[in-house]
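Asks: After the structure tokens below, expect a handful of questions from me.
Bear in mind that the values in this text are calculations on the coordinates, not laboratory data. Just so we're clear, the structure is a prediction, and the values are computed from it rather than from any experiment. Reconstructed Cβ throughout: ideal geometry from the backbone, glycine too, with neighbour counts over all protein chains shown.
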Ligand SMILES: [Zn+2]
């Protein structure tokens, strides 16, 4: 009896264990399955746009045949791109402003560029009202139009930037400092996106002009004297946020060991304090400043400013470089401190640093898209300003602003002086040809109003000459347009 009971108990226990094992296995499988489901849902949600953007994705291909591609619209309500056609399969893309927004709005055939690339997912999808869908299906109207992308671009500022650059090669970018909204983005030489099909072979084979290159985001230039902003930031960090004790006597050149640095166009600046050296952009004084800096600390500051790294921006951007390393020799340290030699930056990067100075040290991510709306005007998505990091302290930004005001009040940027707004900035004349000292790119980067900054403007004009003479008057036209001065 006992034995039987024991056997029964054992059998029961065995059965129970088996049941538990079964339950356990079942539960484990369910759990694994659930985790997989959650993972797949999360993965496809997080990667929806990337999955969608894969050009082999048949779903996006089907949508492109179903709806007219959505419009691209400026912040002030102008249509920058739209599609037209009796049916979606044979639609034509139209860019009413032709070359003016070429790189910023981009194109959507032969690959994609600019807003056409950034907003592709939205420009193919349609969230229009049910009434429109019914009318379209009843054949009362043409094909439905996919969602519109409302950009941050301002047609007035873009027009002034485009016209001001004239026939020069170069780049202009204007950004709202508190939001990172890109208000204008011009790169020249350019192209007409309406003719991209016909012009494609010619455009990609012309390497001298690189018309398709967005020089704002992907151009790499020697920053010239605009780099003195960065040398100054490092000086402040190594000297307890003070430049009060600095003095230099400029006789037009500065020699250390085998390296001689000369002031621009043979200028002799005489007796200078730090603010004077910055305002007059004295190369000799800044070579002297650079020699006194700690390369390891300088390198760290450059890393803080995103040198050698991808910029926080959804557009493809080039990576800025510098010769400053822990073991940099005195020749390269002096050259780098005045923005010559191996230093190279994109105009967008310089604009981002300028925005951070104007914004108390806080860097906002530069953005081109404000929101997405259905063709009938209802909200689909909104892109809020995004903080991308802190590049410097509030004190550092305040001290740099003081020095940049000095450039406009009494230095190389006096062509920006006016009674309506106070601008702060830095000019640069970056030599790019070792054989002819007359060949230089004209730079300006700055913001206004200095006491409560709203916009930052960065300009480079290739081969134009001095920044003070050529880039500053163009910057003034942008600021004048923004602040309503005529
Ligand atoms: Zn000098």
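Asks: Can you give me the Cα centroid spacing of the stretch 156-200 and the stretch 468-486 in angstrom?
Replies: Here the two parts' Cα centres lie 16 Å apart.
Asks: What percent do you get for the relative contact order of the stretch 218-482 when only Cα pairs under 8 Å and 6+ apart count?
Replies: Once divided by the residue count of the stretch 218-482, the mean separation gives 19 percent.
Asks: Over all Cα pairs of the stretch 352-486, how is the pair count split among 5 Å bins, expressed in % and running from 0 up to the last occupied bin?
Replies: Over the stretch 352-486, the share of Cα pairs per 5 Å bin runs 2, 11, 17, 17, 16, 14, 10, 6, 4, 2, 1, 0 percent.
Asks: Here is a follow-up. Roughly what would the spin-label model give for residue 395 and residue 159, points 7 Å off Cα along C-beta, in nm?
Replies: Label-label distance for residue 395 and residue 159, simple model: 4.7 nm.
Asks: Next question, about the same structure. What distance in nm lies between label points placed 7 Å from Cα along the C-beta direction at residue 384 and residue 300?
Replies: 3.4 nm
Asks: For residue 262, project a label point 7 Å along Cα to C-beta. Then give me every residue of the stretch 323-357 with its amide nitrogen under 20 Å of that point.
Replies: 331-342
Asks: Ranking 269, 127 by Cβ neighbours within 10 Å, fewest first, what do you get?
Replies: 127, 269
Asks: Along Cα→Cβ, 7 Å out, is where each label goes; now give me the distance between the ones at residue 480 and residue 239 in nm to one decimal.
Replies: Each label point is offset 7 Å from its Cα along the Cβ direction, giving 3.6 nm.
Asks: Here is a further query. How much length, in nm to one decimal, is gained on full extension between residue 210 and residue 66, taken as 0.36 nm per residue of separation minus their Cα-Cα distance? Before the final figure, lay out the partial values.
Replies: Working: separation 144, 0.36 × 144 = 51.84 nm, distance 3.47 nm.
Using 0.36 nm per residue and subtracting the Cα-Cα distance, I get 48.4 nm.
Asks: Counting other beta carbons within 10 Å of each Cβ, put 317, 260, 445 in order, fewest first.
Replies: Values: 317 20, 260 12, 445 29.
Ordered by Cβ neighbours within 10 Å, fewest first: 260, 317, 445.
Asks: So what's the gap between the Cα centers of the stretch 233-286 and the stretch 407-430, to the nearest angstrom?
Replies: 19 Å
Asks: Please rank 334, 478, 100, fewest neighbouring Cβ atoms within 10 Å first, as an exposure proxy.
Replies: Result, fewest neighbours first: 100, 478, 334.
Asks: Quote the convex hull volume per residue of the stretch 163-269, based on C-alpha atoms, as a whole number of Å³.
Replies: 206 Å³
Asks: Where Rh is the Kirkwood radius over the Cα pairs of the stretch 218-482, the temperature 4 °C and the viscosity 1.567 mPa s, what D in µm²/s does Stokes-Einstein return?
Replies: Reported coefficient: 69 µm²/s.
Asks: Rg(Cα) of the stretch 237-342 divided by 2.2 N^0.38 Å?
Replies: Cα-based Rg divided by the globular estimate yields 1.17.
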